[in-house]
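**Q** Shown below is the structure under consideration.
The values are calculated or read from the model by the stated rules, or taken from the named source; none is laboratory data. Owing to the predicted nature of the structure, the values given are computational and were not obtained by experimental measurement. As a convention, Cβ positions derive from the backbone with ideal geometry for all residues, glycine included, and neighbour counts pool all protein chains shown. For the accessible areas, the whole protein counts, side chains as well, though only heavy atoms, and no ligand, DNA or RNA atoms are used. Shrake-Rupley method; radii C 1.70, N 1.55, O 1.52, S 1.80 Å.
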Amino acid sequence: VEDSREGWRELMSKVTGTLMCGGGIGVVYSKLRPEGSHIKGLGGKSTGPIACMNMTNEVGRYVMQGGSRRSAIWAGLHWNHADVFKYLKMKDWSPAVKECKSKDFSFPAPMELTNISVILDDDFFEAYNNPSHRDYSLAKSVYWACIRSMMETGEPGFSIDVGDNAGQ
């Protein structure tokens, strides 16, 4: 998704159209500026990629494929995006939400229809394996935070984007 009003609008149009036709979607949100970043033209603050992910998830909630099948949605964010640690926590539901889900499986929980992945690229592996790399500490922190979250919630996953096929 592109970091503009038009980009968000185009994404919502594509998401709705694709899900209504029974297709699945995958969106990389890494181009979106971090939450709280200044927006020049409007003078406001960005809501960041997580807000856009939530919008996409909610489209999927109301577009049930074939009238009954849940939408297939994937969201990716690069390991070095400024909002990555918020991203890792987005499916850590509160005890109240967990209790409501246990009583009523259809209770709407945040991002429950979307599989999330942290994107690890060539830069990640360079940083992770080189203690003198400027992002070494960040790479280690993100990796181990992901592992802890995987153990607690089952998400996020990793998407590996390296070598000749990077960015494809």
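**Q** Kindly establish whether Ser30 is more than 21 Å from Tyr87 (Cα to Cα) and either hydrophobic (A, V, I, L, M, F, W, C) or modelled with pLDDT of 90 or more (or both). First the steps, then the outcome.
**A** On the way: more than 21 Å from Tyr87 (Cα to Cα): no; either hydrophobic (A, V, I, L, M, F, W, C) or modelled with pLDDT of 90 or more (or both): yes.
Answer is no for this residue.
**Q** Then there is this: Cβ contacts < 7 Å: first residue within 30 Å of Tyr136 (Cα to Cα) and without any contact (Cβ under 8 Å) to a residue 40 or more places away in the chain, restricted to the range 79-108; second residue open to solvent by 70 Å² or more (accessible area, probe 1.4 Å) and in a loop (DSSP other than H, G, I, E, B), any location; separation 6+ or different chain. Result?
**A** From residues that are within 30 Å of Tyr136 (Cα to Cα) and without any contact (Cβ under 8 Å) to a residue 40 or more places away in the chain, there are no pairs.
**Q** How many residues are open to solvent by 50 Å² or more (accessible area, probe 1.4 Å) and not hydrophobic (A, V, I, L, M, F, W, C) when one looks only at the range 134-160?
**A** Here is the first cut: in the range 134-160, the ones open to solvent by 50 Å² or more (accessible area, probe 1.4 Å) are 134, 136-138, 140-141, 143-144, 148, 150-154, 158, 160.
In the following step, the residues that additionally are not hydrophobic (A, V, I, L, M, F, W, C) were identified as 134, 136-137, 140-141, 143, 148, 152-154.
Total meeting the criteria: 10.
**Q** Kindly indicate which of Pro108, Pro95, Pro131 is exposed (fewer than 15 other Cβ atoms within 10 Å of the Cβ), farther than 21 Å from Val1 by Cβ and under 18 Å from the mean Cα position of the chain (by Cα).
**A** On the way: Pro95 fails: under 18 Å from the mean Cα position of the chain (by Cα); Pro131 fails: under 18 Å from the mean Cα position of the chain (by Cα).
On inspection, the qualifying residue turns out to be Pro108.
**Q** Please state which one of Gly76, Gly43 is within 21 Å of Ser4 (Cα to Cα) and either in a strand (DSSP E or B) or open to solvent by 70 Å² or more (accessible area, probe 1.4 Å) (or both).
**A** Of Gly76, Gly43, the one residue that is within 21 Å of Ser4 (Cα to Cα) and either in a strand (DSSP E or B) or open to solvent by 70 Å² or more (accessible area, probe 1.4 Å) (or both) is Gly76.
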